[in-house]
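See below for the structure under consideration.
The values are calculated or read from the model by the stated rules, or taken from the named source; none is laboratory data. None of these values were measured; they are calculated from a predicted model. No Cβ is skipped: glycine too gets one built from the backbone with ideal geometry, and neighbour counts run over all protein chains shown. Surface areas here come from the heavy atoms of the whole protein model, side chains and all, with no ligands, DNA or RNA. Shrake-Rupley method; radii C 1.70, N 1.55, O 1.52, S 1.80 Å.
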Amino acid sequence: MKLIISIILLLASFTTVSAESILRKVQSRGYFTHIEGAFTAGTTGLGFDVGFPLQEWGRLRIGGVWRPRGHYSDEYAVHINDEDQWGQFGALMSIFVGVQPEKYVEMEGKSSMNNFKLLVDFFPIKKHRNFHVTVGFFLGNSNFVEAMNTSIGSNTVAAIKSYNTLLQKAIIGEDIDFSVLGLKLSQDGTEKIYQKLMDMGEVTIPLGERTDANGNKTVVNAIINDKDVIEITAKVNSFKPYIGAGYELPITKDKRTKIGIDAGILIWGGKPKVEAFEGLSNVAGHNTEGYLKSADKYPVYPEASIRISQCLW
């Protein structure tokens with residue numbers, strides 16, 4: 001037992017000596033000669049990083065950034081082929097599902113951006129190390145924006161799904177069991193209801209328009225999932241390259257505390273992909289407000305931040 005403990009202590013001391021030896025060699029070449037800690041605040045959120053010098057030509061920064069969730073709400077109009085039939089649609093839904101639908105469905109969205117970041121600053125002017133050019137990457141969540149209908153609109157969404165389900169059965173001639181509603185209808189009465197459903201047509205919730213590769217536009221309607229919910233997501237790449245520049249100045253006599261600004265772009269790798277529940281993408285239209293509308297426009301995300309750093313040792 002004593003022999004084992006002695007071997008462990010010997011290995012530990014050898015590892016410590018080796019690590020210290022390697023660190024001294026690295027520092028003798030101008031790398032990692034000191035460490036600075038920094039807090040940041042900007043368009044990508046609140047963050048921190050730890051900086052290490054890379055000789056005289058650069059600096060390595062490793063950290064993270066978190067943006068508080070942003071919230072927005074929007075209303076989408078319910079579309080029916082003939083507005084004059086809205087009252088009949090509402091009455092029909094009141095009978096079949098006990099719900100009087102509204103003419104608008106409220107959607108509530110939230111945006112979030114949480115990223116690990118690794119950046120390398122280059123000092124192109126040796127005598128003026130205040131200015132730097134930066135390259136690197138951010139790595140984080142891919143769901144940039146998520147939206148779904150609110151509880152206020154859930155009854156309308158459920159009514160629309162129920163109505164469209166009845167319509168599809170009417171179109172293919174599938175039997176609808178009205179007895180669960182306490183109704184006993186003749187064949188003629190059933191056919192009249194089928195015909196009425198087909199005359200009214202499908203009830204939809206247009207989200208906007210989708211443009212294909214040929215420039216053709218089609219209306220994109222919300223798709224209601226199995227939980228009677230409309231879900232929309234704007235996705236970006238998890239890996240986001242960064243290019244930018246910055247400038248910093250000391251704010252204390254010993255020059256250990258500095259304040260700086262950084263500005264650049266996160267490259268998303270194309271416009272964010274806006275998806276509805278079953279993969280509808282590239283959605284943009286007059287109804288697509290807030291983050292969903294702005295997210296679909298830009299293939300890059302602007303980054304501008306203030307950085308306050310302190311030399312730790």
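Things worth noting here:
- Cβ pairs under 8 Å, 6+ apart, first in the stretch 52-80 and more than 18 Å from Gln310 (Cα to Cα) and open to solvent by 60 Å² or more (accessible area, probe 1.4 Å), second among the β-branched types (Val, Ile, Thr) and not in a strand (DSSP E or B): Ser73/Thr150; His79/Val203; His79/Ile205
- Among the residues of the stretch 198-245, those identified as over 20 Å from Glu146 (Cβ atoms) and among the aliphatic types (A, V, I, L, M) are Met198, Met200, Val203, Ala213, Val219, Ile243, Ala245.
- Hey, Ser111 under 30 Å from Pro206 (Cα atoms) and open to solvent by 10 Å² or more (accessible area, probe 1.4 Å) or not: no
- Residue in the stretch 283-293 that is of a type in the set (Lys, Arg), in contact with a strand residue (DSSP E or B) (Cβ under 8 Å, 6 or more places away or on another chain) and modelled with pLDDT of 70 or more present: no
- Some residue of the stretch 100-108 being closer than 30 Å to Ile193 by Cβ, modelled with pLDDT of 70 or more, in contact with an Asp or Glu (Cβ under 7 Å, 6 or more places away or on another chain) and hydroxyl-bearing (Ser, Thr, Tyr): yes
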